[in-house]
Structure formats: C-alpha cells, structure tokens
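> This is the structure, below, for whatever I ask next.
The values are calculated or read from the model by the stated rules, or taken from the named source; none is laboratory data. Note that the coordinates shown come from a computational prediction; the quantities given were computed from them, not determined experimentally. Using ideal geometry, Cβ is built from the backbone for each residue, glycine included, and neighbour counts are taken over all protein chains shown.
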Amino acid sequence: MDRIKVLFICVHNSARSQMAEAFLNQYGHERFIAESAGLEPGKLNPIVVDAMKDAGIDISANKTKSVFDFFKQGRRYNFVITVCDESNAERCPIFPGVVDTIHWSFRDPSGLTGGYEEKLTGTRIIRDEIRSRIQEWIKEMTANEGNLK
C-alpha cells in the first residue's frame, strides 16, 4: 500500500508545522510521509529545536520551506493540515488532488513571553498537544481504512 502524503502548514514553518511533521514521520512512518511548509518561511525556532530534542527528536538540521514553492512544483498530497490560526489557514493554497484539508489550531510558540525557561515550558506544552493530536489522528485513520486511499 502506498503511504499517505501529508503536508503540514503554518505561517513561518518555524515551529508548529515542523513539530507535526516530525511526530507524524516518527509515529506513522509505516503509513505516512509528512512534509511541512510555511506561508512566509522564517527561521527555525531554537526553543522548538530544544523542546523536540527533549522528546527525543532532533530537528536542528531542518530548513524552513515555502508552501508556495511546493505548490508551484506541483507536489501532491492526500491531506493538507494547517496548524495555524483560522485567519492564516484561509491564506493557504488549494493543492490539486488533495483528498482532504484539515485545520488544527495550536498556539504559536513565537508568541510566548518570558525568559528562556518560561518559553521552553510553554513550547513543551504546545509540543505535547501536537504530539497527542498526531497520535489520535493516526488511530482515527487506521480505524477508518477507507480514508487511506
């Protein structure tokens, strides 16, 4: 069976979409292939890198990517999942051949305030929310095999 292609999109591809991509590739690697991109690619958030390292996943070598470059390249996905707020999710392009577009809203780690430790604690909470949602979605998709085509 072909693996399901999933694209995660957020604003800068610096945090939420990077975490979602890493978790889906870790937990669903036998069934899914995940990529991520941003509407306005920025710089990988170093606190997100640290939070993911705490979870046993090294994303330090990841680069931020543009969703519009993927679109222009004609990449095809079974699912496009936005992980930003509603107003930014509406700016995402429609990908040809996409089976489904899903929106999961997560707080942006770049909006956290305080010192390093406070930001890291907040980022860990967001990371765990994303990990939990990925694990739930894998279970939902596995239980509903008809959606995996």
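> Take N62 and tell me if it is in contact with a helix residue (DSSP H, G or I) (Cβ under 7 Å, 6 or more places away or on another chain), surrounded by 13 or more Cβ atoms within 10 Å (Cβ to Cβ) and at pLDDT below 90.
In short, no.
> Another one. Of all helices (runs of 4 or more DSSP H) completely enclosed by region 11-81, which ones contain at least 1 residues that are farther than 21 Å from W104 by Cα and free of Cβ contacts under 8 Å to residues at least 12 places away in the same chain?
Per the criteria, 46-54, 67-72.
> Continuing with this model, one more query. Right, G74: within 15 Å of the chain's Cα centre (by Cα) and either at pLDDT below 95 or surrounded by fewer than 16 Cβ atoms within 10 Å (Cβ to Cβ) (or both) or not?
no
> Select, from E21, E30, the only residue that is closer than 17 Å to C84 by Cβ, among the acidic types (D, E) and out of contact with any helix residue (DSSP H, G or I) (no Cβ under 8 Å at 6 or more places or on another chain).
From the options E21, E30, the qualifying one is E21.
> What number of residues in region 15-32 are under 12 Å from the mean Cα position of the chain (by Cα) and either surrounded by fewer than 24 Cβ atoms within 10 Å (Cβ to Cβ) or closer than 17 Å to Q135 by Cα (or both)?
Here the count works out to 10.
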